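Asker: Structure below; questions to follow.
The values are calculated or read from the model by the stated rules, or taken from the named source; none is laboratory data. All of these numbers come straight from a predicted model, not from anything done at the bench. Areas reflect the complete protein model, heavy atoms only, side chains present, ligands, DNA and RNA absent. Shrake-Rupley method; radii C 1.70, N 1.55, O 1.52, S 1.80 Å.
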Amino acid sequence: MSYKPLKVSVFHFETMKTLLSTIQSRRSLFPADFKGGTIEQKDLDQILEAARWAPIHKKTQPWKYAVVQGDGLKKLGDFMIDQFDKNSDKKSNIKARKLAEKMQQSAAVILIFLSRDPKESIPEWEEIAAVSMSVQNMWLMLHDLGYGGYWSSPKEYASMSEFDALQVEVNDKFLGFFYMGQIDNVQQPLPERKAVKDFTLFVK
């Protein structure tokens, strides 16, 4: 039996190099950067398939998503304005209306939930970290498919359990909106980041 370690090594290096370039070139792209259109179902399927392969202690798989598209985006925007009016002393301000506008500018919005393990078999922070890794998987796949995305933190005034389109359980915790849309594929320079040596200690 013949063995060719060099060939395997080169293949592995090229694969890692491609993955690294995908990670490096991913950016937060905002709804104002989107250019209309939709995200094809086959692409959504890949994005969500990537999401389910995030690592998690004890395999609790605590992520839960709701994909909002089409007319649902206007319903979601109107809901957020209604929630602001209901839970604030002021009538919906520019900030709330801008949020609704972001929904309309997006091809799809994924609502991100932590579905906490009812047994609480691991600390909550571990499950939040797992959801974050799941979203990162989605984001990298979204980017690799040529779309743009942006994760926005939740709005405290909104109770997502009151959004009629959803089935929110008692142990579900809303973690934010993931806006997605079509973009112009323009390469951007790498931003400044700390060098590896500046945040890593090697102990031998």
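Asker: Percent relative contact order of the chain, based on C-alpha pairs within less than 8 angstrom and at least six residues apart?
Answerer: Computed over the chain, the figure is 32 percent.
Asker: Can you give the accessible area of residue 203 in Å² (nearest 10), computed on protein heavy atoms with a 1.4 Å probe?
Answerer: Answer for residue 203: close to 120 Å² accessible.
Asker: Enumerate the calculated ³J(HN,Hα) couplings along the range 57-67 in order (Karplus 6.51 cos²θ - 1.76 cosθ + 1.60, θ = phi - 60°), each rounded to whole Hz, writing x wherever the residue is Gly or Pro.
Answerer: 5, 6, 6, 6, 6, x, 7, 8, 10, 10, 9
Asker: With the chain treated as a Gaussian network of Cα nodes joined by springs under 10 Å, which of 122, 183, 56 yields the largest mean-square fluctuation?
Answerer: 122
Asker: Could you estimate the translational diffusion coefficient of the chain from the Stokes-Einstein equation, with Rh from the Kirkwood formula over C-alpha pairs, at 20 °C and 1.002 mPa s, in whole µm²/s?
Answerer: For the chosen part, D equals 112 µm²/s.
Asker: Further question on the same structure: Sum -39500 (n - 2.57) across every DSSP H segment of at least 4 residues in the chain, then divide by the residue count to get the 222 nm mean residue ellipticity, nearest 500.
Answerer: So the calculated ellipticity at 222 nm is -13500 deg cm²/dmol.
Asker: Can you tell me the relative contact order of the range 144-204? Whole percent, Cα pairs under 8 Å, sequence separation 6 or more.
Answerer: 42
Asker: Right, something else. On average, how much accessible surface per residue is there in the range 60-105, in Å², for a 1.4 Å probe, leaving out ligands, DNA and RNA?
Answerer: Here the per-residue accessible area is 61 Å².
Asker: By accessible area of protein heavy atoms, probe 1.4 Å, what ranking do 57, 143 get, highest first?
Answerer: Per-residue accessible area, sorted high to low, gives 57, 143.
Asker: Please compare each pair in 102/155; 58/155; 35/74; 58/197; 64/98 to a cut-off of 22 Å on the Cα-Cα distance and tell me which ones are over it.
Answerer: Check vs 22 Å cut-off fails for 58/155; 58/197; 64/98.
Asker: If one takes the longest principal axis of the Cα atoms in the chain, at what angle in degrees, from 0 to 90 and to the nearest 10, does the Cα axis of helix 41-51 lie?
Answerer: The helix 41-51 is inclined about 70 degrees to the chain.
Asker: Of 100, 54, 165, which has the largest mean-square fluctuation in a 10 Å C-alpha GNM of the chain?
Answerer: Result: 165 has the largest fluctuation of those listed.
Asker: Please give the per residue accessible area of the range 139-204, computed with a probe of 1.4 Å over protein heavy atoms only, in Å².
Answerer: Heavy-atom accessible area per residue stands at 73 Å².
Asker: Taking the range 82-151 on its own, what percent of its Cα-Cα pair distances exceed 20 Å?
Answerer: Here the long-distance tail beyond 20 Å is 54 percent of all Cα pairs in the range 82-151.
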